[in-house]
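One structure is given below, encoded as structure tokens.
The values are calculated or read from the model by the stated rules, or taken from the named source; none is laboratory data. Here the structure is a predicted model, which is why all the values come from computation and not from measurement. Heads up, the Cβs are rebuilt from the backbone with ideal geometry, glycines too, and the neighbour counts pull from every protein chain shown.
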Amino acid sequence: MTECSCMKPPFNYQDFDSKEIGIDKTKGRFGRVSVETCKKCGANWLQYSVEYEAFPKSGRWYRGLIWPARATAVKPETALRELEELEWYFAGGSYFNSTGFKASGWPVVDP
């Protein structure tokens, strides 16, 4: 799987099937949560994205590789904890001025 394009940013979103999980309303975040499946290798990715209109360059996203059983059990309110528990995930967006890099720990989601 390490040679698949889903393992190296920047990502082409046309390479994924996306299933919307919902909105994480915890602490007023309103982060969009989805599970995306790579059309090439079948890998499941937990996707969390958030942007705050009142703050320029606040858009950020996180994408972590998860097992199929986790993909079916994740809830909007648990998505950030799922990402935090991963060894690594990808992060990017205007907040980071990046098309993607590896990160770990609690995702930065506050404005």
Out of the residues in segment 61-74 that are in a strand (DSSP E or B) and not charged (D, E, K, R), state the one that is surrounded by the fewest Cβ atoms within 10 Å (Cβ to Cβ). Leu65
Any chance segment 10-24 includes a residue that's part of a loop (DSSP other than H, G, I, E, B), surrounded by 20 or more Cβ atoms within 10 Å (Cβ to Cβ) and either touching a residue at least 24 places away in the same chain (Cβ under 8 Å) or not small (Gly, Ala, Ser) (or both)? yes
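Among the listed residues Glu77, Glu36, Glu84, Glu53, identify the single one that is free of Cβ contacts under 8 Å to residues at least 24 places away in the same chain and either outside any loop (DSSP other than H, G, I, E, B) or within 14 Å of the chain's Cα centre (by Cα) (or both). Full working, then the answer.
Details: Glu77 fails: free of Cβ contacts under 8 Å to residues at least 24 places away in the same chain; Glu36 fails: free of Cβ contacts under 8 Å to residues at least 24 places away in the same chain; Glu53 fails: either outside any loop (DSSP other than H, G, I, E, B) or within 14 Å of the chain's Cα centre (by Cα) (or both).
The match here is Glu84.
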Tally, over segment 69-94, of residues that are within 15 Å of Asp24 (Cβ to Cβ) and of a type in the set (Val, Ile, Thr): 2
Counting only residues that are among the hydrophobic types (A, V, I, L, M, F, W, C) and either in contact with a Gly (Cβ under 7 Å, 6 or more places away or on another chain) or in contact (Cβ under 8 Å) with a residue 60 or more places away in the chain (or both), segment 39-50 contains a total of 3
Scanning segment 100-111 for residues that are at pLDDT 95 or above and surrounded by fewer than 13 Cβ atoms within 10 Å (Cβ to Cβ), the one nearest to Tyr52 (Cα to Cα) turns out to be Phe101
What is the number of the single condition among (1) part of a loop (DSSP other than H, G, I, E, B); (2) within 15 Å of the chain's Cα centre (by Cα) that Cys41 does not meet? (2)
